1. Take the residues of segment 1-29 that are closer than 24 Å to SER75 by Cα and outside any strand (DSSP E or B): which is least open to solvent (accessible area, probe 1.4 Å)?
2. Can you tell me which residues in segment 64-83 are surrounded by 19 or more Cβ atoms within 10 Å (Cβ to Cβ) and in a strand (DSSP E or B)?
3. Please pick out the residue among ILE151, ILE171, ILE167 that is more than 25 Å from ASP101 (Cβ to Cβ) and among the hydrophobic types (A, V, I, L, M, F, W, C).
4. Just one of GLY43, GLY60, GLY32 is farther than 30 Å from GLU177 by Cβ, open to solvent by less than 40 Å² (accessible area, probe 1.4 Å) and within 19 Å of the chain's Cα centre (by Cα); which is it?
5. Name the single residue that is modelled with the lowest pLDDT among those in segment 147-181 being within 19 Å of ARG113 (Cα to Cα) and acidic (Asp, Glu).
6. Filter segment 46-57 for residues that are farther than 16 Å from ALA9 by Cβ and open to solvent by 70 Å² or more (accessible area, probe 1.4 Å) and give the result.
7. Please go through segment 174-193 and give me each residue that is in contact with an Asp or Glu (Cβ under 9 Å, 6 or more places away or on another chain) and surrounded by fewer than 19 Cβ atoms within 10 Å (Cβ to Cβ), ordered by number.
8. Kindly list, by first and then second residue, each pair from a residue in segment 32-53 that is touching a residue at least 40 places away in the same chain (Cβ under 8 Å) to a residue that is open to solvent by less than 10 Å² (accessible area, probe 1.4 Å) and of a type in the set (Gly, Ala, Ser), limited to pairs with Cβ atoms under 6 Å and residues at least 6 apart or on different chains.
Amino acid sequence: MANVIECTALTKKYGETYALNGIDFAVPATGGIVGLLGPNGSGKTTLIKLLTGFLTPTSGNVKVAGKPVGVETKSVVSYLSDAHALNNDYTVMQEIEYFADFFSDFDREKALRMMVELGVDDKKKVKTLSKGTKEKLALLLTLSRNARLYILDEPIAGVDPAARDYILKTILANKAENATVLMSTHLISEIEEYFDYIVFLKQGNVVLQGEPNAIRQREGKSIDELFREIFKWM
């Protein structure tokens with residue numbers, strides 16, 4: 001099976017500080033959800049920016065869908081940042097139309113369907129939306145692209161607990177077929193059942209990776225329990 005993400009001796013330094021310290025890992029193209037897990041400062045955001053091409057490595061290599069990150073990979077990656085770069089002066093519908101014009105792989109009909117399913121009012125201006133509703137809008141815009149890899153940075157942090165399960169099922173139901181979702185999150189206990197693969201980052205190093213069921217059986221602990229154990233002093 002081909003890998004959707006491949007990192008080889010991937011290193012990123014800021015001055016003399018290593019954000020990523022020569023990491024090696026690969027994520028198989030399973031079509032599932034990959035949990036990118038670690039505390040603040042572990043290197044998650046740096047890795048995401050390298051995968052999306054917003055940063056370049058200090059050394060080493062990173063590939064998406066078998067290609068070095070660059071112009072060719074931008075068309076197969078759909079990225080939802082934790083900053084939600086939306087135009088506050090647009091209405092929801094104007095934001096959807098903007099994405100439809102900008103991305104050739106954008107599925108407008110899917111976006112409109114998800115807008116209704118998630119309860120986002122198309123006439124409201126973005127600046128009037130609650131934090132949780134802005135996250136829903138950013139999520140539906142991201143998922144409406146026909147991508148190979150969706151990168152979601154804290155996609156449910158501002159959503160109330162009752163809505164999280166629904167949001168996660170929405171992600172699985174609306175991503176492109178056979179596409180992989182890389183999700184950075186701190187809410188492990190609530191959503192670890194959805195992970196098909198996990199990667200633990202600690203101080204710029206990969207300290208654990210693999211299929212959750214195999215890890216649970218080997219360690220005799222949940223992924224959340226392992227996370228708390230590995231990062232208890234951080």
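The values are calculated or read from the model by the stated rules, or taken from the named source; none is laboratory data. Computed from a prediction, not measured in an experiment: that's the story for all the values here. Virtual Cβ from ideal backbone geometry, glycine too; neighbours counted across all protein chains shown. SASA here: full protein model, heavy atoms, side chains in, ligands and nucleic acids out. Shrake-Rupley method; radii C 1.70, N 1.55, O 1.52, S 1.80 Å.
1. ALA29
2. Within segment 64-83, VAL64, VAL77, SER78, TYR79, LEU80 meet the criteria.
3. Values: ILE151 fails: more than 25 Å from ASP101 (Cβ to Cβ); ILE171 fails: more than 25 Å from ASP101 (Cβ to Cβ).
Every option except ILE167 fails the conditions.
4. Values: GLY60 fails: within 19 Å of the chain's Cα centre (by Cα); GLY32 fails: farther than 30 Å from GLU177 by Cβ.
Unique residue meeting the criteria: GLY43.
5. That would be ASP165.
6. Residues satisfying the conditions are LYS49, PHE54.
7. Once the filter is applied, which keeps residues that are in contact with an Asp or Glu (Cβ under 9 Å, 6 or more places away or on another chain) and surrounded by fewer than 19 Cβ atoms within 10 Å (Cβ to Cβ), segment 174-193 yields HIS186, LEU187, ILE188, SER189, GLU190.
8. These pairs meet every condition: LEU36/SER184; GLY43/GLY204; LYS44/GLY38; LYS44/SER184.
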